[in-house]
Amino acid sequence: MIDKSILFKVSNSNSNDAKIKKVVYELDKSFFEKFKKESTNNEYLCICSGGTTSGCAKDNFITVDLRKNYNQIKFDKKTGIINVGGGVLMNDLLKNLDKFNRTFPIGLSTLPGIGYILTGGISPLSRRYGLAIDNVISVKGFFGNGDYFSLNEEKIIEGEELKIMEGIKGAAPFFTIITEIGLKTFKSYPIKIFEGFINKNELEELIIKSEEFPPNMSIQWIFSDQIYIYIVAEIKTEKDKILGEKYTADLNKYSSLKIRDHKSFNNVRFFPKELNLFELNSNNHSEVISLLGNDLKNNTKDFITTLSEINISKPNKSCYVASQQLGCESSKKNKYSSLFIHRECSWKPWIYASWEKDNYEDKNLALTWMNQSWNKLKRFFPYIHMAQLHNHLNSHKEEINLAFGNKLENLKLLKKFYDPRNILPPL
Ligand SMILES: Cc1cc2nc3c(=O)[nH]c(=O)nc-3n(C[C@H](O)[C@H](O)[C@H](O)COP(=O)(O)OP(=O)(O)OC[C@H]3O[C@@H](n4cnc5c(N)ncnc54)[C@H](O)[C@@H]3O)c2cc1C
């Protein structure tokens, strides 16, 4: 039975338009028992933190909305650790940290919630500070079987707890609901940004240059009818300052690039709608698929040609391909045990497909374009970053395999044991 009076507002229109069964705000053991008794066989819970993905609310499914009762934020000045609720947005995390001159490697938008952290969390600062999951030091929450847990990395010695922590870092949504998370934070330093519209040849040149960037620098770009880039440099050390000057001299030759200085990473906003990089339409629905791959090196020219083909074949002006750069600190394999297994990867491109809502022909065209573009890009970026759950799409199984590889069996075991009734999104 669908409750038509439900008021559920999130920043993605797919979920906003969903005819959800019920919204739940509070979790305890009895909720899980009741859900077990009353749910149908294939029914699982949708979890909403930032509410930016199509998985946070669906027709005829119950949503656990963590934003209302799990939005606590507490910063410990002594340790530099911040504890945040499972429904906290990156915007609120940064706002709070800013008061203490601290920051956290959030992604390209302040809109996402804790889903950003749990699914890996690739930031323009990841080359220096690692992925968001690399900075998780404690977690509290419920397993799908209804049991409460609380884990602290410093107190975990070995065995089962270590396996659970590993699974939570990169694959938490499949077997847990996280209600609180403890994060390491970093002192804020000035950020220098080189940004602007460039052409294809310049993108090719800059991709090649960026593969030699030091850890304090990264490039992010969007390729649509126009190309826009951001080169981000954190200026923390003397060496950063010297390199900053060297790169400023070099990047000055791209006359369209502007240099902007920001007091801290907390003040930077990427790809604002004022740039009109693609057509924003509130009547559209969308899906995103995130890929992972290594340095492009000699394949860069070929890659730019492929991107141009993809751009020409897009079904409408709301679709695009973009990318962010990781590597350096995020590639340190042995330091952090997690289910983000493709540590060697240095590029995370994503394909954004959008269509007029309720227009099935348009939807079909957009999703076909997304899959065809993915196929074209696979030779450069063979893996998946599981940032969006696509269990409603045909590509789900392949995405799961390409995201978790030889650790998929470990994840399946965790799911079997801690979410035996599959009340969380299926693998
Ligand atoms: C504008 C924009 C920019 C982005 N930029 C980046 C970027 O730079 N780098 C990057 O890595 N990603 C980026 N992403 C991807 C984003 O981080 C992921 O899609 C993330 O999963 C979104 O989390 P959410 O909490 O906002 O979404 P939601 O839709 O609320 O949640 C997403 C999924 O995560 C699970 N989940 C969320 N919270 C919890 C919880 N507390 N416990 C258990 N499961 C939970 C849910 O099952 C849900 O299906 C971006 C997304 C957007 C919309």
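Please treat every number below as a calculation from the coordinates, not as lab data. Not measured: the values here are computed from a predicted model. In this analysis, Cβ positions are derived from the backbone assuming ideal geometry, glycine residues included, and neighbour counts consider all displayed protein chains.
Each label was represented as a point 7 Å from its Cα along the Cα-to-Cβ direction; for Glu43 and Tyr360 these points are 2.5 nm apart.
For the range 209-313, which GluC sites (Glu not before Pro) are both in a DSSP coil and crowded by at most 15 other Cβ atoms within 10 Å? Answer by residue number: Glu212, Glu279. Measuring nothing but how far apart in sequence close Cα pairs (under 8 Å, 6+ apart) lie, relative to its length, the chain scores a relative contact order of 17 percent.
On the basis of the beta-carbon distance and an R0 of 41 Å, Ile81 and Lys34 show a calculated FRET efficiency of 0.75. Were the residues from Asn276 through Asn410 laid out at 0.36 nm apart, the gain over their Cα-Cα distance would be 43.9 nm. Loop-located GluC sites (Glu not before Pro) in the range 115-192 (DSSP state other than H, G, I, E, B) with a sparse environment of at most 13 neighbouring Cβ atoms within 10 Å: Glu158.
Using C-alpha pairs below 8 Å separated by at least 6 residues, the relative contact order for the range 191-402 is 23 percent. Between the amide H of Ile384 and those of Leu292, Ala403, distances stay under 5 Å, these residues lying 5 or more places away or on another chain, with hydrogens modeled in the peptide plane. In percent, rounded to a whole number, the relative contact order of the range 109-246 is 24, using alpha-carbon pairs under 8 Å and six or more apart.
Counting other Cβ atoms within 10 Å as a rough exposure proxy, the listed residues Leu413, Leu377, Leu89 run Leu413, Leu377, Leu89 from fewest neighbours to most.
Loop-located chymotrypsin sites (Phe, Trp or Tyr not before Pro) across the range 29-110 with a Cβ neighbour count of 15 or fewer within 10 Å are Phe100, with loop assigned by DSSP. Based on the reciprocal of the average 1/r between different C-alpha atoms, the Kirkwood radius for the range 73-187 equals 14.2 Å.
A Förster radius of 25 Å combined with the Cβ-Cβ distance from Phe100 to Glu154 puts the calculated FRET efficiency at roughly 0.70. In plain terms, the residue of Val64, Val24 with the fewest other Cβ atoms within 10 Å comes first and the most crowded comes last, giving Val24, Val64.
Residue by residue, the range 309-325 carries 3J(HN,Hα) couplings of 4, 4, 5, 5, 8, 5, x, 7, 7, 8, 8, 7, 10, 9, 8, 10, 10 Hz when phi is fed to the Karplus relation 6.51 cos²θ - 1.76 cosθ + 1.60 (θ = phi - 60°); x denotes Gly or Pro.
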